[in-house]
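Notes follow once the structure below has been shown.
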Amino acid sequence: MAAPEIPNLKSLLAQRRGGLRGRGRGPRAPISHETSEAAKDEAVKGTDQDAAGSRVSCVELGYLDDPYAKVFATQQTVRRLPLLNRERRSCRSLGTYVRTTGLDQLILQFLTTAPGSPKQIISLGAGTDTRYFRLLSAYPSLDLTYHEIDFPCNTSSKIAAIQRSPAILSLLSHPPTISTDGTSLSTPTYHITALDLRTLASPTPPPLPNLNPSTPTLLLSECCLVYLPPTTASAILTTLSTHHLSPTTPCALVLYEPVRPHDAFGRTMVSNLKSRNIHLHTLATYPDLASQITRLKTAGFDAGQGGVDTGFVWREWVSEAEKERVGALEMLDEFEELGLLLGHYCVCWGWRDRGGEEPDLVFSDAWRGVKAQVGGTTGEGA
Ligand SMILES: C[S@@+](CC[C@H](N)C(=O)[O-])C[C@H]1O[C@@H](n2cnc3c(N)ncnc32)[C@H](O)[C@@H]1O
């Protein structure tokens, strides 16, 4: 669901009418628990190519300026794109545009507060995300260390693509050091680590190489933790924020996730993904903005929280001039699904400061004025 997963209402209706019901199904061999868990993992790993495809589409249609998106799209992704009809392709692209714009704004506000002081970002399930390269190219003087974590199969294909890309290699501050198995990459400021995040939920979590435990750190989960059981997702956050980082280090979590699973659109979204063996484990526990805010507080991000759906990001965070530019790209007003889609994804953020004798209010300073639907300084209630 890397890309906003748009329920295809027409095909769902066809299925309900029996058109696809039982197609090709004979008696089934029993599936072992292990195999079915492995198959689910494969499906989750594959969501990254959906994200890559949507990014390429978004760039091709002119929504986003991202010269690095195509570096990571496989031939398979590119071939799949024309199969989407215009409406779905445009909705997906606008969804990707809004989500990227919303997350970029929060991240930039953090990175540009207290300029000159070091900052760290840990991107959970980063996949083929290009944000680091976009940041590096637009703000080369940032004192930023960027960590990306994903399964080895995804990190190795990303690293191979980086090695083939002169544009990215020339952007990196140093020639990267790559592990002998090709799954991890390191420069002084950019690290790709191959890791199953679930191992961070164990009582003896593996270390995260090259992490500075006292640098203010933003944890980013752009459609990643949602695939994990809620207790595992919480344990991962606890490990990162209190074990790998010193518990007094300023730390924030920014989430992009689906919400509102209980209405018709939400139910269809969940069932479409389930039919691809993709399960949104945390969604039942955090179905709306209010529960996401409670989640952030409980996870220790207690200095402040905010939440918006992506419809709010479009209406309130995107400037009028930018709306006009994007609106001129396609006849988006035609698309009924668009409003529904944007209302079913959220961006939520929460943070802790360092108090005491040496206070560090970097996140409070960065996000004090951010307009929120729930929480934040201008929250309107759930
Ligand atoms: C929907 S994609 C999002 C990719 C990227 N964050 C983006 O928005 O473009 C979800 C990513 O999370 C990764 N992921 C999910 N569960 C993970 C786990 N247990 N360990 C490591 N990565 C995981 C997947 O492999 C995939 O790359």
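Remarks
- Identification of helices (runs of 4 or more DSSP H) wholly contained in segment 110-219 with 2 or more residues that are within 12 Å of the ligand (Cβ to nearest atom) and among the polar types (S, T, N, Q) yields 152-163.
- SER202 vs. criteria surrounded by fewer than 16 Cβ atoms within 10 Å (Cβ to Cβ) and of a type outside the set (Asp, Glu): yes
- Meets criteria (crowded, with 21+ Cβ neighbours inside 10 Å and more than 27 Å from ASP365 (Cβ to Cβ)) for GLY95: yes
- Some residue of segment 172-185 being farther than 19 Å from LEU220 by Cα and of a type in the set (Asp, Glu): yes
For every residue, the table says whether it meets (1) assigned to a loop (DSSP other than H, G, I, E, B); (2) surrounded by fewer than 23 Cβ atoms within 10 Å (Cβ to Cβ); (3) modelled with pLDDT of 95 or more.
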residue: ASP333; (1), (2), (3): no, yes, no
residue: GLU358; (1), (2), (3): yes, yes, no
residue: PHE363; (1), (2), (3): no, no, yes
residue: ALA366; (1), (2), (3): no, no, yes
residue: GLU380; (1), (2), (3): yes, yes, no
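- Residue in segment 244-255 that is in a strand (DSSP E or B), within 16 Å of the ligand (Cβ to nearest atom) and small (Gly, Ala, Ser) present: no
- Pairs with Cβ under 6 Å, 6+ apart, first in segment 343-356 and under 21 Å from THR238 (Cβ atoms) and in contact (Cβ under 8 Å) with a residue 60 or more places away in the chain, second surrounded by fewer than 24 Cβ atoms within 10 Å (Cβ to Cβ) and of a type in the set (S, T, N, Q): ASP353/SER364; ARG354/THR248
The values are calculated or read from the model by the stated rules, or taken from the named source; none is laboratory data. Everything quoted here is computed from the prediction, not taken from an experiment. A quick note on method: Cβ atoms are made from the backbone with ideal geometry, for glycine too, and the neighbour counts reach across all protein chains shown.
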